[in-house]
Amino acid sequence: MLHEISNLDEARHSPHVARKRQTRIRRILRTTLEIVSRDGREALTLKRVAECEGLTTAALYRYFASKDALVAELQRALISALADLTRERVEQAERFAVAEGLEETDRSLLAVVVSGFVFEEFSRAAQVEFGILSSDLSSPEHSLSDQEAGRVFDTAWEALSDLAARLHLGEESGALRTGISSERAVALWAGLQGIVQTRKLSRGAPDRINLTRVAKELTSALLVGWGGDEAVVKRMVELTDERGFAALHESSMQILERQNA
């Protein structure tokens with residue numbers, strides 16, 4: 001699913017001009033990601049982005065009214081890219097599972113396992129980008145305006161709704177007990193988010209804290225707690241690892257570029 005730039009100005013332009021604006025905005029987002037990846041979020045200013053893009057700061061304001069708006073749009077693009085990547089990996093796993101003749105109950109659990117593992121893999125393989133997309137969702141501090149934070153939340157909720165739909169399929173297939181799938185999706189996301197946020201702690205004791213293993217155990221424990229068969233959940237975890245369904249083969253920049261192609 002292509003991430004569409006949310007900008008009310010688009011409605012005032014012809015389709016051709018709107019497409020050109022979308023292209024320019026995506027270039028600005030790419031430049032913003034490069035700056036933050038190289039020098040940190042603190043180094044990001046509209047003046048610096050404008051200079052890198054060959055624009056005046058005043059011209060950049062025609063695309064983004066503030067630094068908040070720019071950061072929020074980058075977060076939304078990264079969340080959308082991660083959601084698209086997750087859908088691709090779930091579909092890949094589903095095709096394999098169907099070809100192997102797995103039962104619907106097993107396939108529904110596999111989809112949730114893959115979803116959780118892609119999230120953890122992205123947080124580990126693209127730590128800067130993951131920090132950008134998750135910073136204002138996980139921090140109690142309000143670094144974005146209410147308006148921009150609301151737009152980021154709406155995009156994140158769409159991604160969580162995908163996970164909720166997969167959990168609901170698990171309930172419908174009989175793999176899980178009936179429950180409130182949206183709340184289960186939030187529980188799984190919040191648990192994984194909490195785990196990956198401790199990565200700084202684990203850097204000091206990598207032989208004592210294996211966050212990837214912890215994330216897998218959490219995903220398994222939740223699925224079993226929601227009624228999943230423990231042996232089946234274990235097989236789906238092993239299958240995801242063996243087949244590399246959650247492995248990242250592209251950089252986050254490539255993922256973002258492919259999404260915006």
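Among rounded, prolate and oblate, which fits segment 8-60 when a ≥ b ≥ c are the square roots of the eigenvalues of its C-alpha gyration tensor, a/c under 1.5 means rounded, and a/b larger than b/c means prolate?
Prolate shape, in that a/c is at least 1.5 and a/b is the bigger ratio.
Efficiency by 1/(1 + (r/R0)^6): what FRET value for ASP146 and LYS20, r their Cβ-Cβ distance, R0 = 51 Å, to the nearest 0.05?
0.95
Given a Förster distance of 22 angstrom, what is the FRET efficiency for LYS47 paired with ARG27, based on the Cβ-Cβ distance and rounded to 0.05?
After rounding, the FRET efficiency stands at 0.85.
If you place +1 on the Cβ of every Lys and Arg, -1 on the Cβ of every Asp and Glu, and leave all else neutral, what size is the dipole of the chain about its Cα centre, to the nearest 20 Debye?
That gives the chain a dipole magnitude of about 960 debye.
Within segment 81-138, report the chymotrypsin sites (Phe, Trp or Tyr not before Pro) that DSSP leaves as loop and that have at most 14 other Cβ atoms within 10 Å.
Passing sites in segment 81-138 do not exist.
Report ³J(HN,Hα) in whole Hz for each residue of segment 231-241, in order, from the Karplus equation J = 6.51 cos²θ - 1.76 cosθ + 1.60 where θ = phi - 60°; Gly and Pro get x.
Listing the rounded values in order: 5, 5, 4, 4, 5, 5, 5, 5, 5, 4, 5 Hz.
At 222 nm, what value in deg cm²/dmol follows for the chain if DSSP H runs of at least 4 each add -39500 (n - 2.57) and the sum is divided by all its residues, to the nearest 500?
So the helix-based figure for the chain works out to -24000 deg cm²/dmol.
Of LEU163, LEU218, how do they rank once you tally other Cβ atoms within 10 Å and put the fewest first?
Lowest count first: LEU218, LEU163.
Using a Gaussian network model of the chain with C-alpha springs under 10 Å, which one of THR105, THR23, THR240 is most mobile by mean-square fluctuation?
Between THR105, THR23, THR240, it is THR23 that shows the largest mean-square fluctuation.
Among ALA156, ALA72, ALA59, which one shows the biggest mean-square fluctuation in a GNM of the chain, springs joining Cα atoms closer than 10 Å?
Evaluated over the chain, the most mobile residue of the options is ALA59.
Could you run the Karplus curve 6.51 cos²θ - 1.76 cosθ + 1.60 with θ = phi - 60° over segment 210-215 and give me ³J(HN,Hα) per residue in whole Hz, x for Gly and Pro?
9, 5, 4, 5, 4, 5
Dipole of the chain (Lys/Arg Cβ +1, Asp/Glu Cβ -1, origin at the Cα centre): which of THR86, ALA175, TYR63 lies farthest to the positive side?
Farthest towards the positive end: TYR63.
Can you give me the convex hull volume of the Cα atoms of the chain, divided per residue and expressed in Å³?
Once divided by residue count, the hull of the chain is 144 Å³.
We did not get these values from a lab; they are worked out from the coordinates using the rules stated. Note that the coordinates shown come from a computational prediction; the quantities given were computed from them, not determined experimentally. Counting neighbours? That spans all protein chains shown, and the Cβs are built from the backbone with ideal geometry, glycine included.
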